Amino acid sequence: MVKTIELVDGVVKMLDQTRLPREVVYVDCKDYHVVAEGIKKLWIRGAPAIGIAASMGIAIGANDIKASSYREFMAGLEPVFQTLLATRPTAVNIQWAVDRTRKLLAERKDEPVDALKVFLTEEANRVLEQDIEINRTIGKFGAQFIKDGDTVITHCNAGSLATGGYGTATGPIRVAVEQGKKIHVYADETRPVLQGCRLTSWELMQDNIPVTLITDNTAGAILRKGEINLAIVGTDRTVANGDVANKIGTYSLAVLCKENGVPFYVAAPLSSIDFSMATGDLIPIEERGPEEVTHIFGCHIAPEGVKVRNIAFDVTPAKYITGIITEKGVFRPEDLHKLNQPGADLDSIMMKAKG
Ligand code: MRU
């Protein structure tokens, strides 16, 4: 499995995903501004991966701070936090990384600044390692819903490349394959940035997982033919009522699945769940520049001067979602908020595959 990101000797090494699958190139980010640029320009993308990149950006930003007290150190970190938070608004994972850092540092406010810097580097590496473990657990919980011989459809890339490794939506797929199940994946191309085409189909092929690439507008026809058994997608932000923000086109796929009686699952690590937001209508949705729509790899394909709307994410209402696969188990969207209730009996509400 290809490495998405790592932190080596104070340098964040980031796989430039905009060049995949034609070239495998790592960019050395020696400064947190370059990490932020990489997130903005989609060298690294996918909610958990940008959360990890933010943790690493914080660690290298911290190394350059000259401070002799905890207060000075925190003041120095503020522009690092704000620069990273300003990159992409929809995924909650950057906020998650900043909140986690603030909390962990507050617990260590009596330690010397040099020790805090070392701690942040160790912490960024821990976030990466834990993410891979979480994805494996999501994989185990989700694989029960994939039967031998099933065909799974996915949208965008919620695979190893979108995470520290293993992937969220690809977690159950990978575990099912490890269990010896013969499965097939349909990957939506995912216009305009083509994450399904360039990334998902590439990473699955690297790992010998059978995959068929389709254009986004083919999904309905294939679903109607009865050729798909279930859908699994990732999420950038899932909120308390079970509404899910994910790559533009996810909502259309979910509606098509419902119409055709196909279960629709969302793989959501807790780092992508925002319990502070009541409904999906509150999620900030990123809109990107027109070039992603008017150009393909530098080639202008649209009429000069045409008006463009490039909405990067949509919200799928909870009513279209069969189950949300987390590292704590699989839950109906209406039960999701109970994960945030201390002492809730999660076993009694966990979804389990029949048979
Ligand atoms: O614009 P992107 O490529 O960052 O969008 C990524 C997605 O929508 C993924 O499905 C989501 O982040 C989940 S990744 C495990």
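The values are calculated or read from the model by the stated rules, or taken from the named source; none is laboratory data. Owing to the predicted nature of the structure, the values given are computational and were not obtained by experimental measurement. Every residue, glycine as well, gets a Cβ built from its backbone with ideal geometry; the counts of neighbours run over all protein chains shown. Protein only, heavy atoms only, side chains kept; ligands, DNA and RNA dropped before computing areas. Shrake-Rupley method; radii C 1.70, N 1.55, O 1.52, S 1.80 Å.
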Kindly list, by first and then second residue, each pair from a residue in segment 236-253 that is over 20 Å from N217 (Cα atoms) and among the charged types (D, E, K, R) to a residue that is assigned to a strand (DSSP E or B) and within 9 Å of the ligand (Cβ to nearest atom), limited to pairs with Cβ atoms under 8 Å and residues at least 6 apart or on different chains.
D236/A245; D236/N246; D236/K247; D236/F313; R237/A245
Consider I153 against the criteria (1) closer than 26 Å to T18 by Cβ; (2) open to solvent by 10 Å² or more (accessible area, probe 1.4 Å); (3) away from the ligand (no atom under 12 Å from the Cβ): it satisfies all of them except one. Which criterion is unmet?
(2)
Of (1) touching an Asp or Glu at 6+ places or on another chain (Cβ under 8 Å); (2) in a loop (DSSP other than H, G, I, E, B); (3) more than 14 Å from the ligand (Cβ to nearest atom), G164 satisfies every one except (3)
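Conditions (1) part of a loop (DSSP other than H, G, I, E, B); (2) of a type in the set (K, R); (3) more than 21 Å from the chain's Cα centre (by Cα); (4) surrounded by 24 or more Cβ atoms within 10 Å (Cβ to Cβ), marked per residue:
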{"position": "M74", "(1), (2), (3), (4)": "no, no, yes, no"}
{"position": "F119", "(1), (2), (3), (4)": "no, no, yes, no"}
{"position": "I134", "(1), (2), (3), (4)": "no, no, no, no"}
{"position": "I173", "(1), (2), (3), (4)": "no, no, no, yes"}
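Tell me whether segment 34-41 contains one or more residues that are open to solvent by 10 Å² or more (accessible area, probe 1.4 Å) and away from the ligand (no atom under 16 Å from the Cβ).
The answer is yes, given that some residue of segment 34-41 is open to solvent by 10 Å² or more (accessible area, probe 1.4 Å) and away from the ligand (no atom under 16 Å from the Cβ).
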Residues being assigned to a loop (DSSP other than H, G, I, E, B) and either more than 20 Å from N310 (Cα to Cα) or outside the structural domain of A254 (by TED's automatic domain parsing) (or both): count how many of those fall in segment 178-190.
5
Between a residue in segment 284-313 that is at pLDDT below 95 and any residue that is assigned to a loop (DSSP other than H, G, I, E, B) and open to solvent by less than 60 Å² (accessible area, probe 1.4 Å), which pairs come within a Cβ distance under 9 Å, given they are 6 or more apart or on different chains?
I296/P192; I296/L194
